[in-house]
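Some notes on the structure that comes next.
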Amino acid sequence: MLAQRHIDTIVVVKADHQVVGIVSERDIILHLSTGGQTAGIKAKDIMTNKVVTVETNVTSSQLMQLMTENHIRHVPITRDGQLVGIVSIGDVVKPLLEKNVQEAEQLKQFINSQSCQNLANKYNRTNKDQNTARYSIYPAPQRQRIQRF
């Protein structure tokens, strides 16, 4: 079922949607590595019983910390003890990556903007007026090899 649906985790619930376990690719690999078979296997036979869950008001920072501390990649989301969703590490990290990309793009735009050039020119004029040395960017000098005796 995991391969057919292109997922790597299934949350096991009771009829009233209370979480009782979770089956991940890791659980299946562990089962197979101990000589288990997949034919006729039931989720209850291989699932992780101690499931870490969170309520709907959890923050992404809390999720990252929880996932890191527990070495897990998926966390069921519950409301009043009933499953309402599941979040993966990718769901948590993706917005952070997008934010970093946006910030990097904004910095590039600022550096290349007229405002930044005007600021640099103003800084250089101010330093020149004060008889202060201007700073320029030069390539780093080649490191010299020290001979040891």
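The values are calculated or read from the model by the stated rules, or taken from the named source; none is laboratory data. These numbers come from a predicted model, not from an experiment. Don't worry about glycine lacking a Cβ; one is built from the backbone with ideal geometry, like all the others, and counts go over all protein chains shown.
Got a number for residues in the stretch 42-101 being among the small types (Gly, Ala, Ser), without any contact (Cβ under 8 Å) to a residue 60 or more places away in the chain and within 16 Å of residue 25 (Cβ to Cβ)? Of the residues in the stretch 42-101, 2 are among the small types (Gly, Ala, Ser), without any contact (Cβ under 8 Å) to a residue 60 or more places away in the chain and within 16 Å of residue 25 (Cβ to Cβ).
Go through the stretch 59-78 and report how many residues are surrounded by 16 or more Cβ atoms within 10 Å (Cβ to Cβ) and either among the charged types (D, E, K, R) or out of contact with any helix residue (DSSP H, G or I) (no Cβ under 7 Å at 6 or more places or on another chain) (or both).
7
Which of the residues spanning the stretch 20-45 are closer than 16 Å to residue 3 by Cβ and at pLDDT 90 or above? 23, the sole residue that qualifies.
Is it true that residue 58 is at pLDDT 90 or above and more than 17 Å from residue 8 (Cβ to Cβ)? Break it down stepwise before answering.
Values: at pLDDT 90 or above: yes; more than 17 Å from residue 8 (Cβ to Cβ): yes.
Yes.
For the stretch 16-35, give me each residue that is within 16 Å of residue 84 (Cβ to Cβ) and over 24 Å from the mean Cα position of the chain (by Cα).
Residues of the stretch 16-35 that are within 16 Å of residue 84 (Cβ to Cβ), as a first pass: 16-20, 22.
Those that are within 16 Å of residue 84 (Cβ to Cβ) and over 24 Å from the mean Cα position of the chain (by Cα): 16, 17, 18, 19, 20.
Counting the residues of the stretch 21-42 that are exposed (fewer than 14 other Cβ atoms within 10 Å of the Cβ) and out of contact with any helix residue (DSSP H, G or I) (no Cβ under 8 Å at 6 or more places or on another chain) gives 9.
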